[in-house]
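Note sheet for the following structure.
The values are calculated or read from the model by the stated rules, or taken from the named source; none is laboratory data. Note that the structure is a prediction, hence the values are computed from the model and not measured. Cβ sites come from the backbone with ideal geometry, for glycine too, and all protein chains shown count toward neighbours.
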Amino acid sequence: MKIGNDIYYVGVNDHQVDLFEGQYVVPNGMSYNSYVIMDEKIAVMDTVDAVIISESLENMARRFRNF
């Protein structure tokens, strides 16, 4: 999802996690709000947990396959 000029949301939802930060109960899971900034250099901000990294990489591959 395009957020602004050259800024894209590439986050994922994790419905398997039951505790946020290992201490707060999250019965519906949580969202990893990751963003990609396309500029002179490409930056990925606030990535995801290693358990769900493949879904995040798939999101980025679909979004940026033409770059």
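Numbers below:
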quantity: Strands (runs of 3 or more DSSP E) lying entirely in the stretch 1-52 (those with 1 or more residues that are at pLDDT 85 or above, under 18 Å from Phe64 (Cα atoms) and β-branched (Val, Ile, Thr)); calculated: 2-4, 7-9, 12-14, 35-38, 42-45
quantity: Count of residues meeting criterion [touching a strand residue (DSSP E or B) at 6+ places or on another chain (Cβ under 7 Å), at negative phi, touching a residue at least 12 places away in the same chain (Cβ under 8 Å) and not small (Gly, Ala, Ser)] in the stretch 1-26; calculated: 9
quantity: Matching entry among Tyr32, Tyr24 (being hydroxyl-bearing (Ser, Thr, Tyr) and surrounded by fewer than 10 Cβ atoms within 10 Å (Cβ to Cβ)); calculated: Tyr24
quantity: Members of the stretch 31-55 that are touching a residue at least 12 places away in the same chain (Cβ under 8 Å) and over 17 Å from Ile3 (Cα atoms); calculated: Val48, Asp49, Val51, Ile52, Glu55
